[in-house]
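Here the structure comes first, spelled out in structure tokens, and everything after it is commentary.
The values are calculated or read from the model by the stated rules, or taken from the named source; none is laboratory data. Here the structure is a predicted model, which is why all the values come from computation and not from measurement. As a convention, Cβ positions derive from the backbone with ideal geometry for all residues, glycine included, and neighbour counts pool all protein chains shown. Only protein heavy atoms, including side chains, enter the accessible area calculation; ligands, DNA and RNA are left aside. Shrake-Rupley method; radii C 1.70, N 1.55, O 1.52, S 1.80 Å.
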Amino acid sequence: MLNFSSTRRRSGLVAITAAAMLGVCGCQGPVNIENADVPAWKEKVLPTANGVVLEDSGKILNRDPLVQESPNVPAGNYTLTMACDGGGKAYFAVSSGGNKVADAAAACNGSLDVVKIKVPATGPLSISTSSVDAPLIFAYQVVSPAA
């Protein structure tokens, strides 16, 4: 008959428990981007804001950029708030009247990244969103600080 000391039994129990916990954690798969509820995720990550002049959210399932435009944005200073999830980074190229105003990026970990942008003249404002780390989900908003 085997007789284990209480120290050995306790050590064995700790090892078995740790292995079981690692096994449970290891079974969780990555976020399923293709089935993600983007509007619900956007509600959680982006702040509610007044004075939004341009916003978008969606899924990047391949490396093709997605472009959104607002036709008549007044000249001035704005805040671009961005978020993405799924791993890697999302890139946001901001143009005003066809001229590049800013390049920004957001780490895809569900946190917010914020940059200030200056729109030099009233006219169309567009943002091209892309990533080499597809698939991922993203959301952004451009807000006038005067609002």
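Couple of notes before you dig in:
- Scanning the range 61-94 for residues that are among the aliphatic types (A, V, I, L, M) and modelled with pLDDT of 95 or more returns 66, 67, 73, 75, 80, 82, 83, 90, 93, 94.
- Strands (runs of 3 or more DSSP E) (entirely within the range 34-104) containing at least 1 residues that are over 16 Å from residue 117 (Cα atoms) and open to solvent by less than 40 Å² (accessible area, probe 1.4 Å): 52-60, 76-96
- A single entry from 135, 145 fulfils the requirement of being loosely packed, with under 15 Cβ neighbours inside 10 Å and not β-branched (Val, Ile, Thr): 145.
- Matching residues, the range 121-132, being among the aliphatic types (A, V, I, L, M) and surrounded by 18 or more Cβ atoms within 10 Å (Cβ to Cβ): 125, 127
- Given (1) under 22 Å from residue 44 (Cα atoms); (2) open to solvent by less than 40 Å² (accessible area, probe 1.4 Å), index of the condition residue 115 fails: (2)
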